[in-house]
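Report on the following structure.
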Amino acid sequence: MTHAVSSPTESPARRVSATPPYFGEPWAWLLAILAGLTSLLALVPEGIAEPLQTVIGWLIIGIVAALGVMAIVRGLERLLDCESS
């Protein structure tokens, strides 16, 4: 007796996707982190955690700089799109 070849019985829900899950735009995450760090900086008592305040301040500066670079890049992309059409 021969066995017939059948299609795979694996359900589509169990298949592993090749694309990673989408977590939103990077600028949205940076804005959320910026808001969280700013509120944390406001809540930390003055003078008690000065090294922590310094680190948080530098992180805030870095995030603002990254958002600025992202805005410049997005503007340049739009400018190039307008010139090409």
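Condition (residue is at pLDDT below 85, among the polar types (S, T, N, Q), in a helix (DSSP H, G or I) and surrounded by 10 or more Cβ atoms within 10 Å (Cβ to Cβ)) applied to region 46-66: is it met by at least one residue? There is at least one residue in region 46-66 that is at pLDDT below 85, among the polar types (S, T, N, Q), in a helix (DSSP H, G or I) and surrounded by 10 or more Cβ atoms within 10 Å (Cβ to Cβ).
In region 21-45, what count of residues is obtained for those that are assigned to a loop (DSSP other than H, G, I, E, B) and surrounded by 10 or more Cβ atoms within 10 Å (Cβ to Cβ)? Talk me through it step by step, then tell me what you get.
Residues of region 21-45 that are assigned to a loop (DSSP other than H, G, I, E, B), as a first pass: 21-25, 44-45.
Among the residues that remain, those that are also surrounded by 10 or more Cβ atoms within 10 Å (Cβ to Cβ) are: 25, 44.
The qualifying residues number 2.
The values are calculated or read from the model by the stated rules, or taken from the named source; none is laboratory data. All figures in this text were calculated on a predicted structure; none of them were measured in a lab. Note: ideal-geometry Cβ built from the backbone for every residue, glycine included; neighbour counts use all protein chains shown.
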